[in-house]
Structures are given as C-alpha cells and as structure tokens.
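The values are calculated or read from the model by the stated rules, or taken from the named source; none is laboratory data. Keep in mind the model is a prediction, meaning the values are calculated, not measured. Every residue, glycine as well, gets a Cβ built from its backbone with ideal geometry; the counts of neighbours run over all protein chains shown. With ligands, DNA and RNA removed, areas are computed over all heavy atoms of the protein, side chains included. Shrake-Rupley method; radii C 1.70, N 1.55, O 1.52, S 1.80 Å.
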Amino acid sequence: WGETLLPLLLEKNTLCHTLLVSPPGCGKTTLLRDLIRCLSERGKTVGVVDERGEIAPLRDGMPQMDVGPCTDILEGCPKAKGMTLLLRSMSPDIIAVDELGRREDVAAVEEVLNAGVKLIATAHGNSVEDILNQPFFQKLKKMEIFEKYIVLGDRKQIGIIKGIYDEKGQKC
C-alpha cells in the first residue's frame, strides 16, 4: 500500500500533512506503519509516538515491525507529550501518531506544524465529513492542518481505500 499511495501524498517531493481515516480495525495503523517505512527508506527522519505499542512495538529497544532505517520510536508515551519530546530531541522531518482525538493533542499538533515538521496520523471515522464534524477535528479544520485525507473501508472492506481527499474534503 505505502509505495502505491506515497506519490499521491507528496507535493514537490514533500509529504502533505495526512490523516488516515476509518472505523476501528480496518487497517489505519497497518497503512500508517507502511507509509512510515516507505518515508524512512527514502531518507526521511520519522519520529513515531507509539502510545500503546501498536505501530512498532519495541523489544529490547528494537522495533519488532519494519518501520525503516531512519525511524525513531517513543513507546508508551502519551501522544501530546511524545510529539513535543520528539520535536525537541530528535529533529524529525515527519512525526507519525496513531488515533488523534484528545484535547491535549491539538496543542501538540500545532507545535509540530509551527516547527515545520510534517504530520501523518490516524483517526476513527467513516468519512472526511464524519471526521470534520467531530469537535476535536473542528479545531484542526479551522487551523487548516491536514492537506490530504485517506479514507479506508469498513470491516466488510478491510484493505480497501474508499478515497483520497484534499484539505477541503474534495475527492482527488
């Protein structure tokens, strides 16, 4: 998936701030992991905040899933705090997080953007419209954070990409 989708998420060889959307259990984290790997293999430094050890669980400090050679992982750290820590200590090109949605995540996302770092994240939802109507994402919509949205299918369509949308929610 990652190799196929990545060119659609790049503008002038730079990753667009991207949000992966689907209901729980439909492939968001798997796709996120693959995109992280692809970006890392292209020499981008990716900082991953893996709050619950689902993106790239660590064992003795080593990721147990392939996330590429230029990836730093913070496991077991709340997303908001982890994003700030990565910005201050790792100088990433990209920060990746799973399941945005807490109030404190908004300030951390804003800090990532102000630092000039790209963001790729996931969120629970059925569509771009569904996401943008959630109170948390209303704040991010006003800030015009995400430039691309990838919407995955539901549990009957696991692994199916329903659409790729621009910052206005228009299908690309």
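Computed values, structure above
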quantity	calculated
√(5λ) per eigenvalue of the Cα gyration tensor, the range 106-172, largest first, Å	22, 12, 11
Total charge dipole magnitude, the range 1-61, about the Cα centre, Cβ charges on Lys, Arg, Asp, Glu only, Debye to nearest 20	80 debye
Rounded accessible area per residue of the range 1-118, 1.4 Å, Å²	46 Å²
Simple Cβ-charge dipole of the range 3-104, Lys/Arg +1 and Asp/Glu -1, about Cα centre, in debye nearest 20	280 debye
Net +/- balance of residues flanking Lys148 in space, Cβ distance below 15 Å, scoring K and R +1, D and E -1	+2
Rounded Å value of the spacing that divides the Cα centres of the range 114-172 and the range 48-104	20 Å
Hull volume in cubic angstrom per residue (convex hull over the Cα atoms of the chain)	104 Å³
Among Ser127, Ala107, Ser91 the positive-end extreme of the charge dipole of the range 87-136 (Cβ point charges)	Ser91
Within the accessible area of the range 74-137 (1.4 Å probe), percent carbon and sulfur	47 percent
Net dipole in debye of the chain [+1 Lys, Arg Cβ; -1 Asp, Glu Cβ; about Cα centre; nearest 20]	280 debye
Fluctuation leader among Leu74, Leu19, Leu132 - the chain, Gaussian network, Cα springs under 10 angstrom	Leu132
Considering only the range 17-145, percent of DSSP beta bridges that pair antiparallel, nearest 5	10 percent
